Each structure stands twice: as C-alpha cells, then as structure tokens.
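The block underneath contains the structure these notes are about, expressed in structure tokens.
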Amino acid sequence: MGDKEEETQRLAELKQYLSQKKEMLEEELEKLNSIISVIDDLLASKSFKTGIEVMKKAEEKVEAETALQKLELVYKGTKVGEIEVYQTYAKVIPLPELKLSTVTSPFEAFLVRKVLEPMRERDVERAAKNELRPDQMFSYDIIEEGGLLKYIVVRNFRDRIRLKELANAASWTFFTMASKRGSVQAGLDEPDQG
C-alpha cells in the first residue's frame, strides 16, 4: 500500500505543478495579447490612409513611371488609342477626343466578356492547378472619369501574343464604339482576327 500512496502523492504534486504552470502561462499569454493589442492600435493610427489617399498615391506613381513601349491602336487606318507598356502592367488608352463610354456597345459584350474575362478565367484555372501563383494571374481594372473610359490597366499579360490579341480587340472595340457616336467613320461589324 505504500507504493500506491507514494504514486498518488507524486501524481498530486505533478498536478499541482502543472496547474501552477498553466496559471503562469495564462497570465503571460494575457500580457502578450495586451501588448499585441497596443501595437496594433499604434500601427493603425500611424498607417491609416483613406481610400482616396491610397488611390491618389497609386495614380501619382503610375503617372511618374515612363512607358517602356507604346503601341498605336489603329483600325481601318484610323488611330483610336494606344497601349503603354510598363514594367509590370500595360494601359490601354482610347483617344480622349473619342469620348467613349463603357456603356456603349460592344465594350461590355465584346471587350470585357469575350476578351478580358476569358484571359482572367484561364489564369484562375491555371492558378487552381498550381501552374501560376495568384500574384501572376492576369487582372484588369477599367478606369472611368466623368462617365467616360479613361483607360484600362492590365496586369500580368505576360506575353506578346496576349498583348497583340488585346491590341486587336481594343482597336476594333474603340473604333466600333466611336462609329456609334459618330466620332469616326463606320467600320466593319466583326473584329479583325489577324
């Protein structure tokens, strides 16, 4: 019976030790959480910027960069815009005097749904198969000002073939949109596949 009592005594001491250790660790954890909370508050107060400030800084940065290459967007001999190619992205820019609205056909139906979205979806599928990292996926943003298309930013187009496809599609789309507004002479009904 002595061995059993001794074992019980040892177990009771171990339990008491573990309980005290647990209490100490819980107190330490509480202090660490408090410190983290204070640091989070300090970081938030020092780095908070409104969405407008962030967008303005991004736009200033974009405007400060110099295009590595400029490609004219021409359809049926008529210049309708250009593509400025930068280090990590490209800007597809219609001529401002065309005053194109994104609600004018075939902007949404053709350029967005048949060209830009399929490019994005192909990359989403490739990322799902671990063929691309998420930061390598094709993406785009349509920038409007006063109801008119200012430019389209495309990121991760990755190759000349995609850029040429985009240039051809944008040329036809901008020309067709401008034709509907009477900004240029009416063109063909179908995009150039060449």
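Each reported figure results from applying straightforward, stated rules to the coordinates on display, with no laboratory input. As the structure is a prediction and not an experimental result, all values here were calculated from the model. Virtual Cβ from ideal backbone geometry, glycine too; neighbours counted across all protein chains shown.
Give segment 120-179 a look and list any residue that's part of a helix (DSSP H, G or I), farther than 15 Å from Thr102 by Cβ and of a type in the set (Phe, Trp, Tyr), or say none.
Those that are part of a helix (DSSP H, G or I), farther than 15 Å from Thr102 by Cβ and of a type in the set (Phe, Trp, Tyr): Trp172, Phe175.
Checking the conditions here, which among Val154, Val112 is within 18 Å of the chain's Cα centre (by Cα) and either among the hydroxyl-bearing types (Ser, Thr, Tyr) or closer than 21 Å to Glu72 by Cβ (or both)?
Working: Val112 fails: either among the hydroxyl-bearing types (Ser, Thr, Tyr) or closer than 21 Å to Glu72 by Cβ (or both).
On inspection, the qualifying residue turns out to be Val154.
Of Lys99, Lys150, Lys164, Lys91, which residue is crowded, with 17+ Cβ neighbours inside 10 Å, within 22 Å of Lys70 (Cβ to Cβ) and basic (Lys, Arg)?
Unique residue meeting the criteria: Lys91.
Kindly provide the set of residues from segment 79-88 that are of a type in the set (S, T, N, Q) and either surrounded by 17 or more Cβ atoms within 10 Å (Cβ to Cβ) or touching a residue at least 40 places away in the same chain (Cβ under 8 Å) (or both), ordered by number. Can you show your working first?
Let us first name the residues in segment 79-88 that are of a type in the set (S, T, N, Q), namely 87-88.
Within segment 79-88, Thr88 is the sole residue that qualifies.
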